[in-house]
1. Test LEU354 against the criterion of being farther than 20 Å from PHE245 by Cα and at pLDDT 95 or above, and give yes or no.
2. Which pairs do you get when a residue that is over 16 Å from TYR8 (Cα atoms) and touching a residue at least 12 places away in the same chain (Cβ under 8 Å), found in region 74-85, comes within reach of a residue that is of a type in the set (Lys, Arg) and part of a helix (DSSP H, G or I), reach meaning Cβ atoms under 7 angstrom, with the pair 6+ apart or on two chains?
3. Please go through region 260-279 and pick out each residue that is among the acidic types (Asp, Glu), surrounded by 13 or more Cβ atoms within 10 Å (Cβ to Cβ) and in a helix (DSSP H, G or I).
4. Counting only residues that are at positive phi and small (Gly, Ala, Ser), which one in region 29-52 is surrounded by the most Cβ atoms within 10 Å (Cβ to Cβ)?
5. Restricting to region 1-38, give me the number of residues that are outside any helix (DSSP H, G or I) and either free of Cβ contacts under 8 Å to residues at least 24 places away in the same chain or closer than 24 Å to THR178 by Cβ (or both).
6. Could you tell me how many of the residues in region 3-28 are over 18 Å from the mean Cα position of the chain (by Cα) and surrounded by 18 or more Cβ atoms within 10 Å (Cβ to Cβ)?
Amino acid sequence: MGRISQIYRPKTFKEVIGQELVVRTLINAVKTKRISSAYLFAGPRGTGKTTLARIFAKALNCENLVEGYEPCNQCQNCLQINEGKFLDLIEIDAATHRGIDQIRELKEAIKFAPSAGKYKVWILDEAHMLTLEASNALLKTLEEPPSHAILILATTNPQKLPETIISRCQVFEFKRLTPFQIQKKLELIGEKEGVEITPKASLSIALASEGALRDAESLIERLFSLGVKKIDEKILENYLGWVSFEKVEEFFEALFEKKTDQALKFLAQIYGGGTDLDYFLTYFLNFLRNLYLLKINPNLEKIISFSLPPEETKRLLEKKEKVSSEFLKKAIEVFLRAKREMKISPLPLLPIELAIIELSQ
């Protein structure tokens with residue numbers, strides 16, 4: 001985890017962005033002292049599963065809870081958890097420690113009472129990576145857990161977990177964060193770090209992170225390392241190889257007007273300038289998708305505007321009047337195929353060039 005993610009990682013329930021239902025339920029569990037022996041936190045990467053597991057473990061072991069549920073972050077237990085030194089909070093990365101030996105060790109250790117806190121908490125990250133033998137051994141632990149022990153399984157792929165394990169856990173579904181939730185956090189980080197992040201730049205990063213705050217924070221950290229005092233779209237283009245809405249719009253116009261030479265020249269220019277082609281195609285496909293949805297159902301404007309600046313939504317609304325839904329559907333199909341083929345092509349430009357030619361015919 002990067003420096004930025006560590007510094008600005010939430011330490012209390014109130015600091016957690018999104019996941020309101022999960023947070024509310026865990027707070028209620030702490031308040032009422034109705035604690036389950038096993039939890040399953042399932043959801044996409046970078047959405048706060050491990051962070052919230054640590055906050056929950058901290059609240060359960062805090063010596064001076066604030067308002068009856070919030071960890072104080074001042075008592076010895078809270079401070080040790082924040083520093084990763086609390087003996088009664090054990091984190092296991094199942095992606096690298098996935099064998100039965102690790103689960104056997106857990107089964108033995110779980111018998112012993114906590115050393116300092118009220119509960120001994122295990123956080124099993126990427127739990128779906130456990131081997132079949134390890135999963136079977138874990139199941140036996142879940143069937144008869146001691147009252148002082150709590151297991152929190154975190155996974156990005158709950159479908160790979162045995163149903164018998166899932167049925168013994170209280171399951172929480174973590175959602176991707178909205179672009180504006182991530183944008184707000186990025187601008188807060190920028191303010192505290194003394195770096196201005198323009199709204200367009202922060203929203204572009206938020207959209208590119210696809211709901212994973214940790215990914216957005218990693219991108220921001222890369223830009224902070226440049227030593228700049230302002231991050232705008234030009235910085236994103238020059239140092240991350242990103243493209244602006246205006247450039248994507250320019251590319252679309254060349255395709256729509258069947259100006260093949262202009263579209264191919266545009267592609268060569270952005271590639272020569274260091275643009276990340278995978279990012280470009282993702283951005284362009286999102287552009288096409290938004291335009292297509294607006295074309296087939298104008299009532300979807302509210303959904304589209306939820307992830308776009310107002311001026312970009314306005315320009316899409318104007319553009320949809322000039323283009324057919326058939327053209328947009330074909331463009332999406334052609335460039336989706338190009339994106340897949342680009343991953344295996346020895347010449348990264350070739351699948352996109354073929355897509356341009358096919359769409360221009």
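1. On the way: farther than 20 Å from PHE245 by Cα: yes; at pLDDT 95 or above: yes.
Criteria met by LEU354.
2. CYS78/LYS58
3. First pass over region 260-279, keeping only residues among the acidic types (Asp, Glu): 261, 276, 278.
Remaining after also requiring surrounded by 13 or more Cβ atoms within 10 Å (Cβ to Cβ): 276, 278.
Within region 260-279, ASP278 is the sole residue that qualifies.
4. Of all residues in region 29-52, those at positive phi come to 33, 43, 46, 48.
Subset that is small (Gly, Ala, Ser): 43, 46, 48.
On the way: GLY43: 20, GLY46: 23, GLY48: 25.
The extreme case among them is GLY48.
5. So the count comes out to 13.
6. Our first condition is that a residue be over 18 Å from the mean Cα position of the chain (by Cα); within region 3-28, this holds for 11-14, 24-28.
Remaining after also requiring surrounded by 18 or more Cβ atoms within 10 Å (Cβ to Cβ): 11, 13, 26-27.
Residues flagged as over 18 Å from the mean Cα position of the chain (by Cα) and surrounded by 18 or more Cβ atoms within 10 Å (Cβ to Cβ) within region 3-28 amount to 4.
The values are calculated or read from the model by the stated rules, or taken from the named source; none is laboratory data. Here the structure is a predicted model, which is why all the values come from computation and not from measurement. Reconstructed Cβ throughout: ideal geometry from the backbone, glycine too, with neighbour counts over all protein chains shown.
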